[in-house]
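Here the structure comes first, spelled out in structure tokens, and everything after it is commentary.
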Amino acid sequence: KKKIAVMTSGGDSPGMNGVVRAVVRMAIHMGCDAFCVYEGYEGLVRGGDLIKKMSWEDVRGYLSEGGTLIGTARCMAFYERPGRLTAAKNMVLNGIDALIICGGDGSLTGADRFRDEWPSLLEELVATKQLDEKQIAPYKHLNIVGLVGSIDNDLSGTDATIGAYSALARICEMVDYIEATASSHSRAFVIEVMGRHCGWLALMAGVATGADFIFIPEKPREDNWREEMCEIIKKHRGWGKRKTIVIIAEGAKDRHGGKITPEMLKDLLADKSGLALDTRITTLGHVQRGGTAVAYDRMLGTLQGVEAVKAVLEATPETETCFIAITENKIVRKPLMTAVKETQEVAKLIDAQDFAKAMSLRDTEFSD
Ligand code: ADP
């Protein structure tokens, strides 16, 4: 009987519970044993109670819960080989044949590294007499499948990451609340949303709420951004608008790589010699991550979880490690490392202000 384990890792995102539920139940449905690794890679390294066999009932009610019920963590030990060695030993001792990991690009990079090192980790475990040849014999290849859980929608190669639409819905809801009070007092609000290298949340929230102006890392503002913003807001006010909403992503920058902060925008909007608007800053912070998943993320987590188990069962030692994507509304398998490398490359290019190249690697359109 195959033993398939599922784990959530890195930053939590709504929809991860749907993934866990789907993997556990699909694995059982396919005649396998299902396991959960609690607390991300920390669970693999520490083993013991953190690796648990799951029954069909154990994941009951998971779909409507936010966060990740099996826990997640940033695990320093897994960055180092000795940590991964202990993780490999715990996998073999628990008889785990395959691992399905739902996390961001960091977690998926760790997974690929683990898979890559697997034969040498087993060798070392035998050489140091922690395990014997007979114990490792059935586990010569590590079967890994990735699922992308992230609110930022920042992974190359998939149209949506699990959790992004829930975070977007939450942001829109919050902006609606703010708008009511903004318009009552005729105020301006600068709303900061998450996204260091990826402005998807800010951009889509801007579109979905009809914001006056947005700032995202992928579209650095020209030198005249101050005048441009003030002019547009003045025009909107001139049309009788009683509220002003500016949405800024955490990673917003100007053309020279200088950070644009909510405080800078507030000072500008409130400037007595200019717009002189009564301006407040709202940093949405972790409300963007919390709460239950919207229907789309429940659906995405479920369909991708099912596909991940199928991928595990169909994999051969020659199969390239894959992750499950959604592309043009189809759930598909794609090479894991190509997507992770592209994602990391995009982040580097954005930091280096090479936007044209960065955007050519990214799927989301950020045209004007
Ligand atoms: P995310 O998965 O959300 O991008 P992190 O980058 O923090 O979050 O990664 C989550 C965990 O994955 C880390 O705490 C670490 O245990 C593991 N990890 C990340 N990158 C690597 C790596 N290059 N090598 C080994 N493990 C890694």
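The values are calculated or read from the model by the stated rules, or taken from the named source; none is laboratory data. Since we're looking at a predicted model, the values are computed, not measured. All Cβ positions, even for glycine, are placed from backbone atoms using ideal geometry, and neighbour counts span all protein chains on display. We work out accessible area using only protein heavy atoms, side chains counted, and drop any ligands, DNA or RNA first. Shrake-Rupley method; radii C 1.70, N 1.55, O 1.52, S 1.80 Å.
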Revision key, fill the gap. If we ask which residues in the range 1-52 are open to solvent by 10 Å² or more (accessible area, probe 1.4 Å), within 12 Å of the ligand (Cβ to nearest atom) and among the hydrophobic types (A, V, I, L, M, F, W, C), their number turns out to be 1
Review point. List, please: which pairs have Cβ atoms under 6 Å, are six or more places apart or on different chains, and start with a residue in the range 182-193 that is under 16 Å from LYS234 (Cα atoms) and end with one that is polar (S, T, N, Q)?
Key: ALA188/THR244; ALA188/THR279; PHE189/THR282
Review point. Which one of the conditions (1) in contact with a helix residue (DSSP H, G or I) (Cβ under 6 Å, 6 or more places away or on another chain); (2) outside any helix (DSSP H, G or I) does MET7 fail to meet, given that it meets all the rest?
Key: (1)
Practice item. Could you check ALA22 against (1) more than 24 Å from LEU131 (Cα to Cα); (2) at pLDDT below 95 and say which number it fails? Key: (2)
Check your understanding: If you scan the range 116-129, which residues turn out to be modelled with pLDDT of 95 or more and not hydroxyl-bearing (Ser, Thr, Tyr)?
Key -> GLU117, TRP118, PRO119, LEU121, LEU122, GLU123, GLU124, LEU125, VAL126, ALA127, LYS129
Review point. How about the range 53-74: which of its residues are in contact with a strand residue (DSSP E or B) (Cβ under 6 Å, 6 or more places away or on another chain), open to solvent by less than 90 Å² (accessible area, probe 1.4 Å) and either assigned to a helix (DSSP H, G or I) or away from the ligand (no atom under 16 Å from the Cβ) (or both)?
Key: MET54
Study note, to complete from the structure: So, first residue over 12 Å from VAL24 (Cβ atoms) in the range 55-69, second residue outside any helix (DSSP H, G or I) and modelled with pLDDT under 95, Cβ within less than 7 Å, six or more apart or across chains; the pairs are GLY66/GLY290; GLY66/GLY291; GLY67/GLY290
Check your understanding: Out of curiosity, is ARG196 over 30 Å from GLU318 (Cβ atoms) and open to solvent by 50 Å² or more (accessible area, probe 1.4 Å)?
Key -> yes
Review point. Residues that are within 30 Å of PRO138 (Cβ to Cβ), over 22 Å from the mean Cα position of the chain (by Cα) and without any contact (Cβ under 8 Å) to a residue 40 or more places away in the chain: which helices (runs of 4 or more DSSP H) entirely in the range 254-368 hold 1 or more of them?
Key: 295-314
Review point. Which one is farthest from CYS198 (Cα to Cα), of the residues in the range 300-327 that are among the acidic types (Asp, Glu) and modelled with pLDDT of 95 or more?
Key: GLU314
Review point. Which ones in the range 44-62 are within 23 Å of the chain's Cα centre (by Cα) and either closer than 30 Å to ARG170 by Cα or at pLDDT below 95 (or both)?
Key: VAL59, GLY61, TYR62
Point to revise | Residue that is farthest from ILE151 (Cα to Cα), among those in the range 200-241 that are of a type outside the set (Asp, Glu) and in contact (Cβ under 8 Å) with a residue 60 or more places away in the chain | key: PRO220
Study note, to complete from the structure: Note on the range 219-253: residues assigned to a helix (DSSP H, G or I) and either under 21 Å from ILE171 (Cα atoms) or aliphatic (A, V, I, L, M) (or both) are MET229, ILE232, ILE233
